Structures are given as C-alpha cells and as structure tokens.
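Colleague: Sharing a structure, written as structure tokens. Questions coming.
Quick note: the coordinates plus some simple rules give every number you see, no bench work behind them. In this text the structure is predicted, and so the values were computed from the model without any measurement. Backbone-built Cβ (ideal geometry, glycine too); neighbour counts: all protein chains shown.
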Amino acid sequence: MTTKDVARAAKRGPYAKSEERRQTILDAAHAVFAARGYRGGSLQDVADRAGMSQTSLLHYFPSKRDLLMSVLERRDEITSGAFPDDMEEGLADSVIRTALYNEDIPGVIELYTVLCAESVTDEHPGRDYFTERYERLRGARVARVVVPLVGAACGACFTTVPLNRRSQIRAGNAIDWCESCGVILYYADEQGG
C-alpha cells in the first residue's frame, strides 16, 4: 500500500466503506426483487448478487423486511427527480412525464410493478408503503379526477371542450381528459346518469 493509498483510505474512513457496501446490497436487492419479487427473492439471492455472505448482509439489514423497506426508500430517492416543484399539471401529463422519466432508470419500473402487485396480498410488508404512497399522491392531485362535462365545458375548470371531442365523449367512444386541468371527462345525461 502506498502513502497515497493510506491517505485515501484514511480520508474515506470506515463509515464511507459501510455506506458503499450498504448501497451495493440495496442495488443487489433492487435487482433481485425486480426480477423475482419480495416473496420469490431470498436474502441468499441478494447476498450472492452483492458478493457477500448472508450473515454479512444481515449485519447491514437485520431482516428481509428491513431490506425491502430500504429498497423502496431508495427507489423513491432515485425517482424523486420526476416530481417538479410545480405540481399544478394535469393528471394525464403527470403520468406521462413520470413514465418517461422512469423509463430511463434501469429496473425501476419492474421493481415498482412487481412489488406493488405483491403488496395487495395479506401481510405483505410493503402493503402500508404502497397504501400510504397512493393516498399521498392522490392528496397532491386535483381532488376530483373524473368529472362530467357541464354543457360544453369541463366540470372542474369550465374550459370549453371542442365539439368533436365532446361528441366522442357523449357517444362513449373515447376516454378523454381536459387539456386545461387534466381531469378525465365523462358524459352525464341531464338526469345525472
């Protein structure tokens, strides 16, 4: 070891090495859970992918549940750039922007899809995370996501909807959204049906 190597190691210290190892484990767990899900992926699979023993892995994450929750937190950190400060955009624009952003991050869509689907089962450790996440996202959006046409306008922001689009909505031939506020529009007859 050269003097330069000793100086570099001293500068980094044990905390930096531990944090590096922790990130390696989270990356490995991300890949395993994205490919096999929480139930299908084992701690041994994660340890093997991280190049360590399961005992060493348990030093950093005392349980599989702790590891899952840390992976989900890390996923939120990775994808946080998809959410601008201005959350006034419409729902459709938000969904499209988020999907395009996440498309460029390897494994993030797979991880989210698999774990979200698994979380609907009883006693899944990620169930509360996904429930709270959806509640938080819904709260950040327009309270009404699906609204009726009111005359020729959107029932939420009262922007006029072009005739050809209104005709398609009334006929039930299209699902459309307001270009102004982003809510999904539907036709309700005069009796409220």
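Colleague: Between residue 120 and residue 23, take the C-beta separation as r, use R0 = 35 Å, and let me know the FRET efficiency to the nearest 0.05.
Modeller: In this case the efficiency is close to 0.75.
Colleague: Quick check on packing: order 47-58, 96-107, 122-133 by the mean number of other C-beta atoms within 10 Å, highest mean leading.
Modeller: With the highest mean Cβ count within 10 Å placed first, the list reads 47-58, 122-133, 96-107.
Colleague: All other residues with a Cβ under 14 Å from the Cβ of residue 171 taken together, and with Lys, Arg as +1 and Asp, Glu as -1, what is their net charge?
Modeller: Spelling it out: positives minus negatives among the neighbours equals +1.
Colleague: Arrange 63, 70 by Cβ neighbour counts within 10 Å, fewest through most, would you?
Modeller: 63, 70
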